[in-house]
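The next block holds one structure in the form of structure tokens; read it before the comments.
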Amino acid sequence: MRAAIIRANSLGGLFSFKFIRNIKSMSSSSSSQDFVSRPVIKKVFAKLQKEGDGAVVRRGISRSEQKLLDPFLMLDEFSVSPPAGFPDHPHRGFETVTYVLEGGITHQDFKGHKGTIYAGDVQWMTAGRGIIHSEMPEEEVNKGLQLWINLSSNEKMIEPNYQELSHSDIPKAEQNGVEVKVIAGESMGIQSPVYTRTPTMFLDFTLQPGAQIHQNVPESWNAFAYVLESGEGGGVFGSSNSSPVSAHNVVVFGPGNDGVSVWNKSSSKKLRFVLIAGEPIGEPVVQYGPFVMNTQAEIDMTIEDYHYGKNGFEMAKYWRSQ
Ligand code: FJE
Ligand code: FE
């Protein structure tokens, strides 16, 4: 407790009030006593918008959050039914992480990769210098998350790569009414097998009514949560007396060295959210749709490469998904 107060005071200024409130409220709880949560600095409701071919996504992170949440570029919660989907389109300069929550998504690319991921499975795709692919739904209802993670300038033009994880490859831990699936990084003593070029933590938490967690996050990293399911009054983030956050909201955490605390204050419903954090890259971001580079000149070059089938887009002229 004492260490926490010293650290809170050393930050001074704007955040100290919130931290001190936090410490007081935590002194009555047992498991979070030694922790001070990062404060919540922004909440964003993920509004519906059209994407792909007839698909609708909830966009939780977009350009307006990119500065606060470097290295993250986009977070979409998708719910898509055939014939809608995401037909042939390119990517360059970043990674896409697709986490299926319900149904299945089939992926095909211009290098002959093909596969379907179902509920609980993850595809961690490094687009690098260039991918053209389609992502199409398999069943009646297909839901999930797609996160875009930037690559540093020296990795933007690397060879594309896939890490595909079946739900059975994703380590899971359970303790005191808290379940965590470790998609990337480490939590509750278990570690994901995913290799993250941009250091990233991606955790899927389910808290039973009354449960709480404190998750450490490296000090220099940016962090946010996205609420998937919450009962009324359930999802409380950052400070135990802050107002509850409902489903389809992004909660952006401010800086701090301890990590984040979350409470499920609902008496009957579970709370499910993903906690995502990453090491900021600190480089300029110039985005043109599915191309993310550091300068406008690199974007112009990318559009030319895609158009003429060069520098990684060689197969663009010949390939169509089946
Ligand atoms: C797309 C740019 C895109 N959100 N969520 C342009 F990024 C996409 C695209 C997606 C996407 C795919 C999945 Cl599986 C989930 C997503 C955007 O693929 F279709 C176009 N046209
Ligand atoms: Fe894509």
Excluding Asp121 itself, what net charge comes from residues whose Cβ is under 14 Å from its Cβ, given Lys and Arg +1 and Asp and Glu -1? -4
Pick from Glu95, Glu138, Glu174: which is most flexible by mean-square fluctuation in a GNM of the chain where alpha carbon atoms under 10 Å apart are linked? Glu174
Compute the signed sum of charges (Lys and Arg +1, Asp and Glu -1) over the other residues within less than 9 Å, Cβ to Cβ, of Leu228. -2
So what is the 222 nm mean residue ellipticity for the chain from helices alone, if each DSSP H run of at least 4 adds -39500 (n - 2.57) and you divide by all residues, rounding to the nearest 500 deg cm²/dmol? -3500 deg cm²/dmol
Rounded to the nearest 20 debye, what is the charge dipole size of the range 68-199 about its Cα centre when +1 sits on each Lys and Arg Cβ and -1 on each Asp and Glu Cβ? 420 debye
Bins of 5 Å, starting at 0 and running to the largest distance - Cα pair percent for the range 38-195: 2, 9, 16, 20, 21, 18, 10, 4, 1, 0
With springs only between Cα atoms under 10 Å, which of Lys43, Lys114, Lys270 fluctuates most in a Gaussian network model of the chain? Lys114
Quick calc: nm separation of the 7 Å Cα→Cβ label points for Glu139 and Gln49 -> 2.9 nm
Neighbour-count ranking for Val122, Val97 (other C-beta within 10 angstrom, fewest to most) reads Val97, Val122
The range 90-105 versus the range 199-230: alpha-carbon centroid distance in Å: 20 Å
As straight-line cross-link partners of Lys114, the qualifying lysines (C-alpha separation under 16 Å, not fewer than 8 residues apart within one chain) are none
Quarter of Cα convex hull surface for the range 40-308, i.e. mean projection, nm²: 13.6 nm²
Can you tell me the dipole magnitude for the chain around its Cα centre, using point charges on the Cβ only (Lys, Arg +1; Asp, Glu -1), in Debye to the nearest 20? 1200 debye
By count of other Cβ within 10 Å, fewest leading, how are Ile190, Ile41, Ile117 ordered? Ile190, Ile41, Ile117
Signed unit charges on C-beta, dipole axis of the range 210-322, positive-most listed residue Phe273, Gly289, Gly259: Phe273
Which of Lys43/Lys265; Lys50/Lys156; Lys50/Lys310; Lys47/Lys156; Lys111/Lys181 have a Cα-Cα distance over 24 Å? Lys50/Lys156; Lys50/Lys310; Lys47/Lys156; Lys111/Lys181
For the range 218-287, alpha-carbon Rg relative to the globular expectation (2.2 N^0.38 Å, N residues): 1.24
Apply the Kirkwood formula to the range 178-252: the hydrodynamic radius equals the inverse of the mean of 1/r over all pairs of different alpha-carbon atoms; give it in Å with one decimal. 13.6 Å
Please arrange Ser166, Ser266, Ser152 by counting, for each residue, the other beta carbons lying within 10 Å of its beta carbon, fewest first. Ser166, Ser152, Ser266
Over the chain, with a Gaussian network built from C-alpha contacts below 10 Å, which listed residue (Gly128, Gly309, Gly85) shows the highest mean-square fluctuation? Gly309
Principal semi-axes in Å for the range 257-313 [√(5λ), Cα gyration tensor, largest first]: 42, 16, 8
Difference of contour (0.36 nm per residue) and Cα-Cα distance, Tyr195 to His113: 27.6 nm
Stick to Cα atoms and the Kirkwood definition of Rh, then tell me Rg/Rh for the range 111-194. 1.01
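Any read-out appearing in this document is the output of simple, stated calculations on the displayed coordinates, not a laboratory observation. Keep in mind that this is a model prediction, so the values were computed, not measured. Using ideal geometry, Cβ is built from the backbone for each residue, glycine included, and neighbour counts are taken over all protein chains shown.
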